[in-house]
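The values are calculated or read from the model by the stated rules, or taken from the named source; none is laboratory data. This is a predicted model, so every value here is computed, not measured. Don't worry about glycine lacking a Cβ; one is built from the backbone with ideal geometry, like all the others, and counts go over all protein chains shown. Each accessible area value is taken on the protein alone, full model and side chains, heavy atoms only, with ligands, DNA and RNA left out. Shrake-Rupley method; radii C 1.70, N 1.55, O 1.52, S 1.80 Å.
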Amino acid sequence: MTLSQVISAIKKYDSFLISSHVNPDGDAVGSQFAMRSLLKQMKKKAVIINDKPLPAMYDFLGKWTCIDELVRKPNFEVAIIMDSSNLNRLGRVPSLLSPAKKIINIDHHVSNENFGDINWVDTRAGAAGEMVYYLYKKLNCPIKNESALAMYVAILTDTGSFRYANTTSSTYRVASHLLECGVKPEIVAEKMYEVNSLAGMRLLGMALSTIKVINHDGSIAWLYVTNDMLRKAGADWQDTEYFVNYARSLYGVEIAIFFSETEVKGRIRVCLRSKSVVDVTLIAGKFGGGGHCRASGCRIKGTLDEVIKKVVAESQGALKHGRDISR
């Protein structure tokens, strides 16, 4: 299904719920805010509802409602799900849906399961926020500063500040136009990457002390954070968003892995990154996860030690049989 079908549905219906995956990143957050602004410009009713409160680092973009704040179930005709490969990644949000509600699935992950009544999945897009930009253009909606800011944050974060392989010439053209719409890149960079809490820095120190590099050529590196480390540092999971990049930045590393305990005992969150040889969606997919070929994730039942052994072993196998997918 295509962009034109999304446009037809937006024009046809009047009320929308917008949501995305748990532990939202910049793309999940930014694409939702940009979509809400678009719908409101079109005189539609739109509400953003997610499983948990907005991560504090994105407070400058706006506000949304988490399920725990709901007094009653929201009234809407269509749910627009942004940047999520399947409904299982939405936490408790699917409890608000019913067979009578239409679902529009807007995503760019190769692992997307096409779970919507309308599925617009563009794996060439650098971010879901980039896809929302094309909605604005096709609908001839002016891109106001707040919308441009949300889309820019989505694109900036999901392309690794324009460093990852999903960055294309189209991505740069979109970003350029967003700057023309009023985005100040230096201000965004400061808010996104230069505002760290003391607790977060303490937690990073603990996490870095756990780094291990394995394989004969040091091509796999991993680190972890436990709930006990979180408590000792006075931090929370939001502070760990970019921890995996420290392992990825090590010389010679192809696969970087970050493990973290979660609020659910016996369930471990796994973040995977690669550089040029391995498609990490294949690793995440073995454990029910997904994402991009260079950035994927999953949640696995088991103790931290058990999960580390399983994922590292799978990573070694993937690296052994890996192929260069950057061409």
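Here are some notes:
- Positions within segment 43-69 being open to solvent by less than 50 Å² (accessible area, probe 1.4 Å) and part of a loop (DSSP other than H, G, I, E, B), in sequence order: Lys44, Asp51, Leu54, Pro55, Gly62, Trp64
- Scanning segment 167-183 for residues that are without any contact (Cβ under 8 Å) to a residue 24 or more places away in the chain and either in contact with a helix residue (DSSP H, G or I) (Cβ under 9 Å, 6 or more places away or on another chain) or over 23 Å from Val110 (Cβ atoms) (or both), we see that the one that is most open to solvent (accessible area, probe 1.4 Å) is Glu180.
- Ser85 passes every criterion in (1) assigned to a helix (DSSP H, G or I); (2) open to solvent by less than 50 Å² (accessible area, probe 1.4 Å); (3) modelled with pLDDT under 95; (4) under 21 Å from Lys52 (Cβ atoms) apart from (1).
- Filter pass, Val110 being touching a residue at least 12 places away in the same chain (Cβ under 8 Å), open to solvent by 10 Å² or more (accessible area, probe 1.4 Å) and either under 17 Å from Leu39 (Cβ atoms) or outside any helix (DSSP H, G or I) (or both): yes
- Hits in segment 292-315 (condition: surrounded by fewer than 23 Cβ atoms within 10 Å (Cβ to Cβ), touching a strand residue (DSSP E or B) at 6+ places or on another chain (Cβ under 7 Å), touching a residue at least 40 places away in the same chain (Cβ under 8 Å) and within 22 Å of Asn86 (Cα to Cα)): Arg294
- Beta carbons closer than 8 Å, at least 6 apart along the sequence or on distinct chains, pair a first residue in segment 1-17 that is more than 20 Å from Thr65 (Cβ to Cβ) with a second that is of a type in the set (S, T, N, Q) for Met1/Asn119.
- For Tyr172, the test of being in a helix (DSSP H, G or I), within 23 Å of Cys293 (Cβ to Cβ) and at pLDDT 95 or above is passed.
- Residue that is nearest to Phe60 (Cα to Cα), among those in segment 133-166 that are hydroxyl-bearing (Ser, Thr, Tyr) and open to solvent by 30 Å² or more (accessible area, probe 1.4 Å): Ser161
- In segment 260-303, the residue that is nearest to the chain's Cα centre (by Cα) out of those that are within 23 Å of Met206 (Cβ to Cβ) and of a type in the set (Val, Ile, Thr) is Val270.
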